[in-house]
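The values are calculated or read from the model by the stated rules, or taken from the named source; none is laboratory data. Note that the structure is a prediction, hence the values are computed from the model and not measured. In this analysis, Cβ positions are derived from the backbone assuming ideal geometry, glycine residues included, and neighbour counts consider all displayed protein chains. Remember, those area values only see protein heavy atoms, side chains included, never the ligands or the DNA or RNA. Shrake-Rupley method; radii C 1.70, N 1.55, O 1.52, S 1.80 Å.
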Amino acid sequence: MEQTTGEKKRKNSAVIFVAVVIVMFAGSTIALLFSGALNPQEPSNPNPSNPSDPQIPGLDFESKNFDAKVIEVLPELIIAGQTKETNPSKIDSEIAQIPGIRGLVNASYVGNPGATMTYKMTLSLAPNAKSSEVFASIQEKSVLMTGIQSIGTALIELPAQISVTNSDFNIDKNYTPKQKLTAAFVSVGTETGDLLSVSLKVNIANDIAGNPQVFEVSNQTALPKSFFENAIAKVTSLDRKLFAQGTMKYGNYIDENSLKSQLNFSDFKINSAIVPALGKSITFSVTAVDSNYDLNIVKDRIESANLKDLNSFEIGKGENNFTIDALANDNSDLNALENGIIRQLMESSFKKSQISIQAPESQFFLDLNLTAENSQESFDYLQGFFKPKGIAIETFQPANTDLSSVFIKDLNASLPVDSNSFQVIGKPGHSIGQDINFSMQIQVQRGKIIQVQGMES
(Lines give C-alpha, C1' and ligand atoms only; values in the text may rest on other atoms or scores of the structure.)
Protein backbone atom coordinates (compact mmCIF):
# COMPACT_ATOMS: atom_id res chain seq x y z
CA MET A 1 0.00 0.00 0.00
CA GLU A 2 1.33 3.46 -0.89
CA GLN A 3 2.10 5.74 2.05
CA THR A 4 0.42 9.14 2.33
CA THR A 5 2.52 12.31 2.53
CA GLY A 6 1.70 12.63 6.23
CA GLU A 7 2.77 9.04 6.93
CA LYS A 8 6.05 9.60 5.09
CA LYS A 9 6.73 12.75 7.09
CA ARG A 10 6.01 10.97 10.37
CA LYS A 11 8.30 8.09 9.44
CA ASN A 12 11.08 10.44 8.32
CA SER A 13 10.76 12.36 11.58
CA ALA A 14 10.98 9.10 13.52
CA VAL A 15 14.12 8.04 11.62
CA ILE A 16 15.80 11.40 12.36
CA PHE A 17 14.81 11.07 16.02
CA VAL A 18 16.23 7.53 16.12
CA ALA A 19 19.53 8.67 14.61
CA VAL A 20 19.89 11.27 17.37
CA VAL A 21 19.02 8.74 20.07
CA ILE A 22 21.50 6.20 18.71
CA VAL A 23 24.36 8.71 18.80
CA MET A 24 23.39 9.63 22.37
CA PHE A 25 23.33 6.05 23.60
CA ALA A 26 26.03 4.34 21.53
CA GLY A 27 28.55 4.40 24.38
CA SER A 28 26.10 3.13 26.96
CA THR A 29 25.03 0.33 24.62
CA ILE A 30 28.56 -1.00 24.45
CA ALA A 31 28.64 -0.90 28.26
CA LEU A 32 25.45 -2.90 28.23
CA LEU A 33 26.96 -5.33 25.75
CA PHE A 34 29.88 -6.19 27.98
CA SER A 35 28.63 -5.70 31.53
CA GLY A 36 25.16 -7.14 30.99
CA ALA A 37 23.37 -4.08 32.37
CA LEU A 38 23.80 -0.34 32.54
CA ASN A 39 24.99 0.95 35.89
CA PRO A 40 21.95 2.58 37.47
CA GLN A 41 22.29 6.30 38.03
CA GLU A 42 21.85 7.67 41.53
CA PRO A 43 18.62 9.66 41.98
CA SER A 44 19.24 13.40 41.95
CA ASN A 45 17.62 13.55 45.40
CA PRO A 46 18.72 10.37 47.17
CA ASN A 47 17.22 11.30 50.56
CA PRO A 48 13.84 12.86 49.95
CA SER A 49 11.75 13.90 52.89
CA ASN A 50 8.77 12.17 51.35
CA PRO A 51 9.83 9.27 49.09
CA SER A 52 6.24 8.61 47.98
CA ASP A 53 5.95 12.13 46.50
CA PRO A 54 5.40 11.70 42.73
CA GLN A 55 7.23 15.01 42.07
CA ILE A 56 10.69 13.64 42.99
CA PRO A 57 13.03 14.97 40.27
CA GLY A 58 15.29 12.78 38.17
CA LEU A 59 14.28 9.25 39.10
CA ASP A 60 15.12 6.28 36.89
CA PHE A 61 12.22 3.98 36.06
CA GLU A 62 12.25 0.57 34.41
CA SER A 63 9.51 -1.51 32.87
CA LYS A 64 8.86 -5.19 33.08
CA ASN A 65 9.26 -7.05 29.79
CA PHE A 66 6.58 -6.26 27.22
CA ASP A 67 5.94 -7.14 23.57
CA ALA A 68 6.92 -4.81 20.74
CA LYS A 69 6.97 -5.20 16.97
CA VAL A 70 9.97 -4.29 14.82
CA ILE A 71 8.88 -1.68 12.26
CA GLU A 72 12.27 -1.27 10.58
CA VAL A 73 15.80 -2.56 11.16
CA LEU A 74 18.19 0.37 10.89
CA PRO A 75 21.40 0.18 8.83
CA GLU A 76 23.73 0.36 11.82
CA LEU A 77 25.92 -2.05 13.74
CA ILE A 78 27.72 -1.44 17.03
CA ILE A 79 30.70 -3.72 17.71
CA ALA A 80 33.36 -4.01 20.39
CA GLY A 81 36.39 -6.25 20.68
CA GLN A 82 39.72 -6.66 22.41
CA THR A 83 42.90 -5.41 20.75
CA LYS A 84 46.58 -4.73 21.37
CA GLU A 85 46.74 -2.29 18.45
CA THR A 86 47.40 1.23 19.76
CA ASN A 87 46.87 2.94 16.39
CA PRO A 88 43.07 3.23 15.97
CA SER A 89 43.33 4.19 12.30
CA LYS A 90 44.69 0.70 11.52
CA ILE A 91 41.63 -0.91 13.11
CA ASP A 92 39.30 1.53 11.37
CA SER A 93 40.93 0.80 8.01
CA GLU A 94 40.72 -2.96 8.50
CA ILE A 95 37.03 -2.89 9.34
CA ALA A 96 36.18 -0.38 6.59
CA GLN A 97 37.37 -2.86 3.93
CA ILE A 98 34.70 -5.41 4.88
CA PRO A 99 31.82 -5.63 2.36
CA GLY A 100 28.51 -4.19 3.52
CA ILE A 101 30.03 -1.38 5.61
CA ARG A 102 29.28 2.09 4.24
CA GLY A 103 31.15 4.12 6.83
CA LEU A 104 32.28 4.65 10.39
CA VAL A 105 30.01 6.77 12.61
CA ASN A 106 32.31 6.84 15.64
CA ALA A 107 34.98 4.75 17.35
CA SER A 108 37.02 4.88 20.54
CA TYR A 109 38.95 2.87 23.11
CA VAL A 110 37.00 2.17 26.30
CA GLY A 111 38.11 1.05 29.75
CA ASN A 112 41.51 1.37 31.36
CA PRO A 113 44.57 1.15 29.11
CA GLY A 114 46.53 -2.06 29.47
CA ALA A 115 48.15 -4.88 27.54
CA THR A 116 44.75 -5.55 25.93
CA MET A 117 42.22 -2.78 25.31
CA THR A 118 38.59 -2.73 24.25
CA TYR A 119 37.79 -0.86 21.04
CA LYS A 120 34.20 0.01 20.17
CA MET A 121 32.84 1.13 16.81
CA THR A 122 29.50 2.29 15.45
CA LEU A 123 29.22 1.31 11.80
CA SER A 124 26.87 2.54 9.11
CA LEU A 125 25.79 -0.29 6.81
CA ALA A 126 25.20 -0.19 3.07
CA PRO A 127 21.62 -0.44 1.79
CA ASN A 128 20.29 -4.04 1.83
CA ALA A 129 23.31 -5.24 3.86
CA LYS A 130 22.31 -7.74 6.56
CA SER A 131 23.84 -6.99 9.95
CA SER A 132 24.25 -10.70 10.74
CA GLU A 133 26.24 -11.29 7.53
CA VAL A 134 28.38 -8.17 8.06
CA PHE A 135 29.10 -9.20 11.64
CA ALA A 136 30.05 -12.74 10.54
CA SER A 137 32.51 -11.21 8.02
CA ILE A 138 34.01 -8.98 10.71
CA GLN A 139 34.55 -11.96 12.99
CA GLU A 140 36.12 -13.94 10.17
CA LYS A 141 38.35 -11.26 8.65
CA SER A 142 39.48 -9.05 11.52
CA VAL A 143 43.04 -9.78 12.67
CA LEU A 144 43.40 -6.76 14.95
CA MET A 145 40.39 -7.44 17.19
CA THR A 146 39.36 -10.60 19.05
CA GLY A 147 36.35 -11.57 21.12
CA ILE A 148 34.17 -9.30 18.99
CA GLN A 149 30.57 -8.78 20.10
CA SER A 150 27.82 -6.78 18.48
CA ILE A 151 24.43 -5.21 18.84
CA GLY A 152 22.05 -3.74 16.25
CA THR A 153 19.39 -1.03 16.24
CA ALA A 154 15.80 -0.99 15.08
CA LEU A 155 12.64 1.08 15.09
CA ILE A 156 9.98 -0.55 17.25
CA GLU A 157 6.39 0.34 18.01
CA LEU A 158 5.66 1.05 21.68
CA PRO A 159 2.35 0.54 23.48
CA ALA A 160 0.34 3.69 24.23
CA GLN A 161 1.07 3.28 27.95
CA ILE A 162 3.76 1.32 29.81
CA SER A 163 3.92 0.49 33.52
CA VAL A 164 7.32 1.45 34.97
CA THR A 165 8.81 1.18 38.46
CA ASN A 166 11.52 2.91 40.46
CA SER A 167 12.84 0.09 42.64
CA ASP A 168 14.77 2.43 45.00
CA PHE A 169 11.60 4.06 46.33
CA ASN A 170 9.07 1.46 45.15
CA ILE A 171 7.20 4.01 42.99
CA ASP A 172 5.00 2.83 40.13
CA LYS A 173 3.98 5.06 37.22
CA ASN A 174 2.21 4.79 33.90
CA TYR A 175 4.67 6.08 31.31
CA THR A 176 3.18 7.51 28.11
CA PRO A 177 5.77 7.56 25.28
CA LYS A 178 6.10 10.86 23.41
CA GLN A 179 6.30 9.01 20.11
CA LYS A 180 4.81 5.75 18.92
CA LEU A 181 8.10 4.68 17.30
CA THR A 182 11.40 4.62 19.14
CA ALA A 183 14.88 3.19 18.80
CA ALA A 184 15.73 -0.12 20.40
CA PHE A 185 18.97 -1.99 20.75
CA VAL A 186 18.43 -5.45 19.30
CA SER A 187 20.35 -8.63 18.63
CA VAL A 188 22.11 -9.01 15.31
CA GLY A 189 19.82 -10.93 12.96
CA THR A 190 16.62 -9.21 14.07
CA GLU A 191 14.35 -8.61 11.07
CA THR A 192 11.52 -6.24 10.19
CA GLY A 193 8.22 -7.61 11.45
CA ASP A 194 9.75 -9.62 14.32
CA LEU A 195 7.90 -9.70 17.62
CA LEU A 196 10.30 -8.88 20.47
CA SER A 197 10.13 -9.01 24.21
CA VAL A 198 11.77 -5.77 25.34
CA SER A 199 12.49 -3.79 28.49
CA LEU A 200 12.54 -0.01 28.82
CA LYS A 201 14.43 2.48 31.00
CA VAL A 202 13.44 6.12 31.30
CA ASN A 203 14.34 9.04 33.56
CA ILE A 204 11.35 11.04 34.81
CA ALA A 205 11.78 14.46 36.45
CA ASN A 206 8.69 16.35 37.66
CA ASP A 207 6.53 14.11 35.49
CA ILE A 208 8.57 15.03 32.42
CA ALA A 209 10.10 11.93 30.83
CA GLY A 210 13.36 11.89 28.95
CA ASN A 211 14.06 9.76 25.91
CA PRO A 212 13.64 6.04 26.71
CA GLN A 213 16.30 3.38 26.31
CA VAL A 214 14.81 0.15 24.97
CA PHE A 215 16.61 -3.20 24.89
CA GLU A 216 15.65 -6.51 23.35
CA VAL A 217 15.23 -9.27 25.92
CA SER A 218 14.32 -12.01 23.46
CA ASN A 219 13.16 -12.36 19.87
CA GLN A 220 9.99 -14.43 19.95
CA THR A 221 9.83 -14.71 16.16
CA ALA A 222 13.40 -16.04 15.88
CA LEU A 223 13.19 -18.52 18.75
CA PRO A 224 14.01 -22.05 17.48
CA LYS A 225 11.14 -24.52 17.76
CA SER A 226 11.51 -28.28 18.25
CA PHE A 227 9.55 -30.89 16.33
CA PHE A 228 9.59 -34.67 16.37
CA GLU A 229 8.92 -36.77 13.26
CA ASN A 230 9.43 -40.31 11.96
CA ALA A 231 10.76 -41.12 8.52
CA ILE A 232 11.99 -43.89 6.21
CA ALA A 233 14.95 -43.45 3.87
CA LYS A 234 17.44 -45.54 1.94
CA VAL A 235 20.99 -46.04 3.18
CA THR A 236 23.37 -44.46 0.67
CA SER A 237 26.61 -45.13 2.58
CA LEU A 238 27.83 -46.34 5.96
CA ASP A 239 30.59 -44.79 8.02
CA ARG A 240 33.30 -47.27 8.86
CA LYS A 241 32.62 -46.57 12.52
CA LEU A 242 31.01 -48.42 15.36
CA PHE A 243 30.21 -46.90 18.72
CA ALA A 244 29.53 -49.06 21.75
CA GLN A 245 28.50 -48.15 25.27
CA GLY A 246 27.57 -50.05 28.40
CA THR A 247 27.79 -50.19 32.17
CA MET A 248 30.13 -52.23 34.36
CA LYS A 249 29.99 -52.82 38.10
CA TYR A 250 32.77 -54.02 40.35
CA GLY A 251 31.76 -57.64 39.78
CA ASN A 252 32.60 -57.37 36.05
CA TYR A 253 34.73 -54.23 35.87
CA ILE A 254 37.53 -54.13 33.30
CA ASP A 255 39.80 -51.09 33.37
CA GLU A 256 40.64 -49.19 30.19
CA ASN A 257 44.07 -50.70 29.53
CA SER A 258 42.85 -54.25 30.17
CA LEU A 259 39.84 -53.71 27.93
CA LYS A 260 42.00 -52.46 25.07
CA SER A 261 44.35 -55.42 25.35
CA GLN A 262 41.54 -57.98 25.56
CA LEU A 263 39.52 -56.58 22.64
CA ASN A 264 41.53 -57.84 19.70
CA PHE A 265 39.57 -58.41 16.49
CA SER A 266 40.93 -58.01 12.97
CA ASP A 267 37.75 -56.31 11.70
CA PHE A 268 38.18 -53.22 13.86
CA LYS A 269 40.73 -51.02 15.54
CA ILE A 270 40.00 -49.21 18.81
CA ASN A 271 40.14 -45.50 18.11
CA SER A 272 39.39 -44.57 21.72
CA ALA A 273 38.09 -46.20 24.87
CA ILE A 274 36.71 -44.21 27.79
CA VAL A 275 36.33 -46.30 30.94
CA PRO A 276 35.92 -44.18 34.09
CA ALA A 277 37.31 -45.63 37.32
CA LEU A 278 34.81 -47.13 39.74
CA GLY A 279 33.75 -45.22 42.81
CA LYS A 280 34.64 -46.59 46.23
CA SER A 281 31.29 -46.21 47.98
CA ILE A 282 28.61 -48.91 48.45
CA THR A 283 25.20 -48.07 49.89
CA PHE A 284 23.22 -50.76 51.74
CA SER A 285 19.50 -50.15 52.35
CA VAL A 286 17.67 -52.21 54.97
CA THR A 287 13.84 -52.15 55.02
CA ALA A 288 11.07 -53.33 57.38
CA VAL A 289 12.99 -52.26 60.46
CA ASP A 290 11.28 -51.82 63.84
CA SER A 291 11.23 -48.10 64.66
CA ASN A 292 12.63 -48.87 68.13
CA TYR A 293 15.57 -50.88 66.80
CA ASP A 294 18.90 -49.73 68.25
CA LEU A 295 21.23 -49.06 65.31
CA ASN A 296 24.20 -49.06 67.67
CA ILE A 297 23.97 -52.87 67.51
CA VAL A 298 24.75 -52.77 63.78
CA LYS A 299 27.38 -50.06 64.25
CA ASP A 300 29.22 -52.00 66.98
CA ARG A 301 29.08 -55.25 65.02
CA ILE A 302 30.56 -53.70 61.82
CA GLU A 303 33.30 -51.93 63.81
CA SER A 304 34.24 -55.08 65.73
CA ALA A 305 34.38 -57.12 62.51
CA ASN A 306 37.56 -55.22 61.46
CA LEU A 307 36.77 -55.53 57.75
CA LYS A 308 40.13 -54.96 56.05
CA ASP A 309 38.54 -53.42 52.92
CA LEU A 310 36.44 -50.90 54.87
CA ASN A 311 37.75 -47.36 55.25
CA SER A 312 34.74 -45.77 56.97
CA PHE A 313 30.96 -45.94 57.10
CA GLU A 314 27.92 -43.90 58.12
CA ILE A 315 24.47 -45.08 59.20
CA GLY A 316 21.36 -43.06 58.33
CA LYS A 317 18.03 -43.78 60.00
CA GLY A 318 14.63 -43.57 58.30
CA GLU A 319 11.10 -44.18 59.57
CA ASN A 320 11.14 -47.95 59.08
CA ASN A 321 14.52 -48.38 57.41
CA PHE A 322 18.16 -47.42 57.60
CA THR A 323 21.10 -47.08 55.23
CA ILE A 324 24.80 -47.79 55.50
CA ASP A 325 27.16 -45.77 53.29
CA ALA A 326 30.40 -47.72 53.24
CA LEU A 327 33.61 -46.23 51.82
CA ALA A 328 36.21 -48.75 50.70
CA ASN A 329 39.97 -48.45 50.99
CA ASP A 330 42.04 -47.81 47.87
CA ASN A 331 42.66 -50.97 45.84
CA SER A 332 40.25 -52.90 48.03
CA ASP A 333 38.11 -55.90 47.08
CA LEU A 334 34.59 -54.46 46.82
CA ASN A 335 33.07 -57.94 46.54
CA ALA A 336 34.68 -58.87 49.84
CA LEU A 337 33.48 -55.63 51.45
CA GLU A 338 29.91 -56.22 50.23
CA ASN A 339 29.86 -59.78 51.54
CA GLY A 340 31.42 -58.71 54.84
CA ILE A 341 28.77 -56.09 55.62
CA ILE A 342 25.91 -58.34 54.51
CA ARG A 343 27.23 -61.00 56.85
CA GLN A 344 27.20 -58.55 59.77
CA LEU A 345 23.64 -57.50 58.95
CA MET A 346 22.41 -61.08 58.77
CA GLU A 347 24.12 -61.85 62.07
CA SER A 348 22.15 -58.89 63.45
CA SER A 349 18.95 -60.84 62.61
CA PHE A 350 18.16 -59.15 59.27
CA LYS A 351 17.15 -61.28 56.30
CA LYS A 352 18.88 -61.00 52.95
CA SER A 353 15.51 -60.11 51.37
CA GLN A 354 15.48 -56.93 53.49
CA ILE A 355 18.83 -55.76 52.12
CA SER A 356 19.35 -53.96 48.79
CA ILE A 357 22.63 -52.63 47.44
CA GLN A 358 23.56 -49.61 45.35
CA ALA A 359 26.95 -50.42 43.95
CA PRO A 360 29.35 -48.09 42.08
CA GLU A 361 29.08 -48.25 38.29
CA SER A 362 31.26 -47.25 35.36
CA GLN A 363 29.61 -46.22 32.09
CA PHE A 364 32.10 -46.88 29.32
CA PHE A 365 32.26 -45.80 25.68
CA LEU A 366 34.13 -47.32 22.73
CA ASP A 367 34.92 -45.71 19.38
CA LEU A 368 35.90 -48.36 16.82
CA ASN A 369 37.27 -47.90 13.30
CA LEU A 370 35.99 -50.69 11.04
CA THR A 371 37.78 -52.31 8.12
CA ALA A 372 34.48 -52.68 6.22
CA GLU A 373 31.20 -50.80 5.94
CA ASN A 374 29.12 -53.72 7.21
CA SER A 375 29.43 -53.87 10.98
CA GLN A 376 27.59 -57.12 11.71
CA GLU A 377 30.66 -59.28 12.38
CA SER A 378 32.21 -56.66 14.62
CA PHE A 379 28.95 -56.36 16.54
CA ASP A 380 28.71 -60.15 16.95
CA TYR A 381 32.26 -60.23 18.29
CA LEU A 382 31.55 -57.49 20.85
CA GLN A 383 28.39 -59.26 22.02
CA GLY A 384 30.34 -62.49 22.40
CA PHE A 385 32.96 -60.68 24.46
CA PHE A 386 30.72 -58.68 26.83
CA LYS A 387 27.59 -60.84 27.27
CA PRO A 388 29.29 -63.74 29.14
CA LYS A 389 30.70 -61.15 31.55
CA GLY A 390 27.19 -59.89 32.36
CA ILE A 391 27.72 -56.58 30.54
CA ALA A 392 24.93 -55.36 28.28
CA ILE A 393 26.02 -53.04 25.47
CA GLU A 394 24.35 -50.75 22.95
CA THR A 395 26.03 -50.27 19.58
CA PHE A 396 25.48 -47.68 16.84
CA GLN A 397 26.79 -47.05 13.34
CA PRO A 398 26.32 -43.73 11.48
CA ALA A 399 24.40 -44.31 8.24
CA ASN A 400 24.00 -41.72 5.50
CA THR A 401 20.59 -41.63 3.81
CA ASP A 402 18.93 -40.08 0.77
CA LEU A 403 16.60 -37.95 2.93
CA SER A 404 16.70 -34.45 1.41
CA SER A 405 13.61 -32.93 3.02
CA VAL A 406 11.44 -33.42 6.09
CA PHE A 407 7.66 -33.04 6.27
CA ILE A 408 6.67 -31.49 9.60
CA LYS A 409 3.03 -32.16 10.40
CA ASP A 410 2.67 -29.30 12.90
CA LEU A 411 3.82 -26.83 10.23
CA ASN A 412 2.07 -28.65 7.37
CA ALA A 413 5.22 -28.04 5.34
CA SER A 414 8.12 -29.93 3.84
CA LEU A 415 11.47 -28.29 4.67
CA PRO A 416 14.75 -29.07 2.89
CA VAL A 417 17.79 -30.53 4.61
CA ASP A 418 20.63 -28.24 3.52
CA SER A 419 23.18 -30.96 2.78
CA ASN A 420 20.64 -32.90 0.65
CA SER A 421 21.47 -35.95 2.73
CA PHE A 422 20.91 -36.96 6.29
CA GLN A 423 22.89 -39.03 8.77
CA VAL A 424 21.12 -41.45 11.09
CA ILE A 425 22.65 -43.12 14.12
CA GLY A 426 21.63 -46.66 13.21
CA LYS A 427 21.90 -50.15 14.55
CA PRO A 428 24.74 -52.31 13.24
CA GLY A 429 24.33 -54.63 10.25
CA HIS A 430 22.76 -52.37 7.62
CA SER A 431 23.75 -52.50 3.96
CA ILE A 432 23.65 -49.90 1.18
CA GLY A 433 20.26 -49.58 -0.51
CA GLN A 434 18.37 -50.89 2.52
CA ASP A 435 15.48 -48.89 4.00
CA ILE A 436 15.99 -47.57 7.52
CA ASN A 437 13.25 -46.35 9.89
CA PHE A 438 14.22 -43.57 12.27
CA SER A 439 12.88 -40.85 14.53
CA MET A 440 14.08 -37.26 14.31
CA GLN A 441 14.35 -34.23 16.54
CA ILE A 442 14.24 -31.14 14.34
CA GLN A 443 15.09 -27.53 15.24
CA VAL A 444 13.39 -24.97 12.99
CA GLN A 445 14.14 -21.25 12.96
CA ARG A 446 12.45 -18.76 10.64
CA GLY A 447 11.04 -21.58 8.53
CA LYS A 448 14.42 -23.28 8.01
CA ILE A 449 15.88 -26.42 9.54
CA ILE A 450 18.91 -25.41 11.60
CA GLN A 451 19.55 -28.77 13.25
CA VAL A 452 18.23 -32.28 12.84
CA GLN A 453 19.22 -35.48 14.66
CA GLY A 454 18.08 -38.96 13.72
CA MET A 455 18.10 -42.24 15.64
CA GLU A 456 16.96 -45.58 14.25
CA SER A 457 13.63 -46.61 15.71
| remark: Among strands (runs of 3 or more DSSP E) entirely inside segment 274-368, those with 2 or more residues being free of Cβ contacts under 8 Å to residues at least 60 places away in the same chain are 310-317, 322-328
| Looking at segment 194-214, which of its residues are closer than 26 Å to Asn128 by Cβ and surrounded by fewer than 19 Cβ atoms within 10 Å (Cβ to Cβ)? | Leu195
| query | Within segment 186-193, is even one residue open to solvent by 60 Å² or more (accessible area, probe 1.4 Å) and farther than 30 Å from Ile436 by Cα? | reply | yes
| request: Could you please let me know if Ile393 is on the phi < 0 side of the Ramachandran plot and touching a Gly at 6+ places or on another chain (Cβ under 6 Å)? | output: yes
| request: Answer with yes or no whether Gly279 is modelled with pLDDT under 95, open to solvent by less than 40 Å² (accessible area, probe 1.4 Å) and touching a Pro at 6+ places or on another chain (Cβ under 9 Å). | output: yes
| query | How many residues does segment 288-320 hold that are more than 17 Å from Ala336 (Cβ to Cβ), surrounded by 14 or more Cβ atoms within 10 Å (Cβ to Cβ) and not basic (Lys, Arg)? | reply | 5
| query | Which residues, taken from segment 399-457, are in a strand (DSSP E or B), hydroxyl-bearing (Ser, Thr, Tyr) and more than 25 Å from the chain's Cα centre (by Cα)? | reply | Thr401, Ser405, Ser414
| remark: The strands (runs of 3 or more DSSP E) lying wholly within segment 138-228 that contain at least 3 residues that are polar (S, T, N, Q) are 146-157, 162-166, 195-205, 213-219
| task | Test Val444 against the stated conditions and say whether it is modelled with pLDDT under 95, among the hydrophobic types (A, V, I, L, M, F, W, C) and open to solvent by less than 20 Å² (accessible area, probe 1.4 Å). | result | yes
| request: Please identify the pairs in which a residue from segment 115-143 that is surrounded by fewer than 16 Cβ atoms within 10 Å (Cβ to Cβ) has its Cβ atom under 6 Å from the Cβ atom of a residue that is among the polar types (S, T, N, Q), counting only partners at least 6 apart or on another chain. | output: Thr116/Gln82
| remark: Condition set open to solvent by less than 30 Å² (accessible area, probe 1.4 Å) and of a type in the set (A, V, I, L, M, F, W, C), scope segment 93-114, selection farthest from Met145 (Cα to Cα): answer is Ile101
| field | Thr401, sole failed condition from (1) modelled with pLDDT of 95 or more; (2) surrounded by 15 or more Cβ atoms within 10 Å (Cβ to Cβ); (3) closer than 26 Å to Gly433 by Cβ | value | (1)
| Lys173 vs. criteria farther than 16 Å from Pro75 by Cα, surrounded by fewer than 21 Cβ atoms within 10 Å (Cβ to Cβ) and without any contact (Cβ under 8 Å) to a residue 40 or more places away in the chain | no
| query | Can you find even one residue in segment 347-355 that is hydrophobic (A, V, I, L, M, F, W, C) and surrounded by fewer than 16 Cβ atoms within 10 Å (Cβ to Cβ)? | reply | no
